[in-house]
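Take a look at the structure below.
The values are calculated or read from the model by the stated rules, or taken from the named source; none is laboratory data. Fair warning: this is a prediction, and the values are worked out from it, not measured in the lab. A quick note on method: Cβ atoms are made from the backbone with ideal geometry, for glycine too, and the neighbour counts reach across all protein chains shown. The protein model used for the area step is the full one, side chains on, heavy atoms only, and it has no ligands, DNA or RNA in it. Shrake-Rupley method; radii C 1.70, N 1.55, O 1.52, S 1.80 Å.
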Amino acid sequence: MLHEDFADPSFSAAVIGWQKAHGRHALPWQNTRDAYLIWLSEIMLQQTQVSAVLGYYARFLERFPTLRELAAAPVEDVMAQWSGLGYYTRARNLHRCAQQVVAQYDGVFPADPALLAELPGIGRSTAAAISAFSSGTRAAIMDGNVKRVFARVFGIDTFPGEKKTEQAMWRRAEALLPASGIESYTQGLMDMGATLCTRSSPDCTRCPMQQRCVAHLTQRTKDLPVRKPKKAVPEKHATLLLIVDQGEVLLEQRPASGIWGGLLSLPELDGHNLAGDEEQPAIDQAALARAMQPFGEMESQERLMTVTHVFTHYKLHIAPLLITLTRREPLAGEARYQWLDAGRVADAALPAPVKKLLLELLGDRANNQVRMF
């Protein structure tokens, strides 16, 4: 049972002192009060490591240097810049949030974390971080890094995702807030979790919490935080139609919601179906003929090597089917489909596994001097 008296000024003092001496100070979104720069970094860093974000962050700001330019841009441009970063709902919410801040707050993010948390894609913890770094607001964060630090330092031996445990962690986080130095404290918690108190290899010898850390003192760093009970990961199959003609590939705009929402992708023959015993289901030729009818007359089909992609909730085995045409039908009335020049694949708003598949295929065919299109 967690006790209720969580206040401890020595904890925040230790975090602040460590951050000033050993924390990260040169990240591109640091040393600024610009809420746009801070907000963008916080959204990109949700469920993504700093090393993966750096390149995307720079390219995104080069394309959208201000909030107003982001708000005014077509969502397709935003998705294209986000392509490969994953969790695409973040990109759609990012665009919606920018438009809402322009419409409701004249392009200036509110300082109040409660107001920030009402904006698309910004939860309680992200709102607190944005407000702390841009306005010096004394507000508590509770991301994965903080949960891991708290679970180990204070010996919390129940799953952090459990409602009762999470609520207790929030009470602790608020009680531990320092009277001053909120920026260094907030950054310090993030830095400790990302660079010292890592999931698999915590560097306890350099940690300022070593002498008070329950997990370290009881040799339970591998056991804390308690992991979520594992469920069997379903496996699914999908047959993607790689239809090529005259140096172009046919793409389909996916619905705004669901897997790869709002991105361009290859047309699917049968959706994402639960995998059976066979590794590669047979192609239903009658279904294929019906699916191909709007696009033209099929010349050849070639089954390519299956590619596996792991989502949060299931594993998808993608079976690409390379199809060439003898005659192309016009796409009149089919607004969700478009032909894309092969040379533009690298810059298109495609899901990462689909883009990788196309680029690798283009490269292989070029190296083998086989005419793909």
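Has region 89-110 got at least one residue that is among the aromatic types (Phe, Trp, Tyr), over 17 Å from residue 44 (Cβ atoms) and assigned to a helix (DSSP H, G or I)? Yes; the residues of region 89-110 include at least one that is among the aromatic types (Phe, Trp, Tyr), over 17 Å from residue 44 (Cβ atoms) and assigned to a helix (DSSP H, G or I). Residue pairs whose Cβ atoms lie under 7 Å apart, sitting 6 or more positions apart in sequence or on different chains, and linking a residue in region 11-24 that is free of Cβ contacts under 8 Å to residues at least 60 places away in the same chain and under 17 Å from residue 179 (Cα atoms) to a partner that is open to solvent by 30 Å² or more (accessible area, probe 1.4 Å) and hydrophobic (A, V, I, L, M, F, W, C), do not occur here. Would you mind stating whether residue 308 is of a type in the set (S, T, N, Q) and loosely packed, with under 12 Cβ neighbours inside 10 Å? For residue 308, the condition - of a type in the set (S, T, N, Q) and loosely packed, with under 12 Cβ neighbours inside 10 Å - is met. Quick check: anything in region 57-74 open to solvent by 10 Å² or more (accessible area, probe 1.4 Å), touching a residue at least 12 places away in the same chain (Cβ under 8 Å) and at positive phi? Scanning region 57-74 turns up no residue that is open to solvent by 10 Å² or more (accessible area, probe 1.4 Å), touching a residue at least 12 places away in the same chain (Cβ under 8 Å) and at positive phi.
Taken together, the criteria exclude residue 121 from residues that are open to solvent by 20 Å² or more (accessible area, probe 1.4 Å), part of a loop (DSSP other than H, G, I, E, B), under 22 Å from residue 62 (Cβ atoms) and without any contact (Cβ under 8 Å) to a residue 60 or more places away in the chain. Residues that are touching a His at 6+ places or on another chain (Cβ under 9 Å) and open to solvent by less than 10 Å² (accessible area, probe 1.4 Å) number at least 3 in none of the helices (runs of 4 or more DSSP H) confined to region 137-210.
Checking each residue in region 7-42 for being more than 17 Å from residue 210 (Cβ to Cβ), open to solvent by 60 Å² or more (accessible area, probe 1.4 Å) and part of a helix (DSSP H, G or I) picks out 9, 20. Restricting attention to region 101-113, the residues that are buried (at least 16 other Cβ atoms within 10 Å of the Cβ) and in contact with a Leu (Cβ under 9 Å, 6 or more places away or on another chain) total 4. Checked against the criteria, residue 355 counts as open to solvent by less than 40 Å² (accessible area, probe 1.4 Å) and charged (D, E, K, R).
Scanning for something assigned to a strand (DSSP E or B) and of a type in the set (Lys, Arg), does region 329-346 turn up at least one residue? Within region 329-346, none of the residues are assigned to a strand (DSSP E or B) and of a type in the set (Lys, Arg).
Using the structure shown, decide if residue 294 is over 24 Å from the mean Cα position of the chain (by Cα), surrounded by 13 or more Cβ atoms within 10 Å (Cβ to Cβ) and closer than 19 Å to residue 235 by Cβ. Walk me through it before giving the result.
Values: over 24 Å from the mean Cα position of the chain (by Cα): yes; surrounded by 13 or more Cβ atoms within 10 Å (Cβ to Cβ): yes; closer than 19 Å to residue 235 by Cβ: no.
For residue 294, the condition - over 24 Å from the mean Cα position of the chain (by Cα), surrounded by 13 or more Cβ atoms within 10 Å (Cβ to Cβ) and closer than 19 Å to residue 235 by Cβ - is not met.
Evaluating residue 272 against the criteria (1) surrounded by fewer than 12 Cβ atoms within 10 Å (Cβ to Cβ); (2) modelled with pLDDT under 90 leaves one unmet condition, (1). Of the set (1) out of contact with any Phe, Trp or Tyr (no Cβ under 7 Å at 6 or more places or on another chain); (2) outside any strand (DSSP E or B); (3) open to solvent by less than 50 Å² (accessible area, probe 1.4 Å), all apply to residue 322 but (2).
The residues on offer are 78, 50, and the sole one that is β-branched (Val, Ile, Thr), touching a Phe, Trp or Tyr at 6+ places or on another chain (Cβ under 9 Å) and open to solvent by less than 60 Å² (accessible area, probe 1.4 Å) is 78. Being within 18 Å of residue 90 (Cβ to Cβ) and of a type in the set (Lys, Arg) is the filter here, so list the residues in region 116-172 that pass it. 124 - this is the single residue of region 116-172 that is within 18 Å of residue 90 (Cβ to Cβ) and of a type in the set (Lys, Arg). Only one of the listed residues (184, 200) is out of contact with any helix residue (DSSP H, G or I) (no Cβ under 8 Å at 6 or more places or on another chain) and closer than 22 Å to residue 18 by Cβ. That residue is 200.
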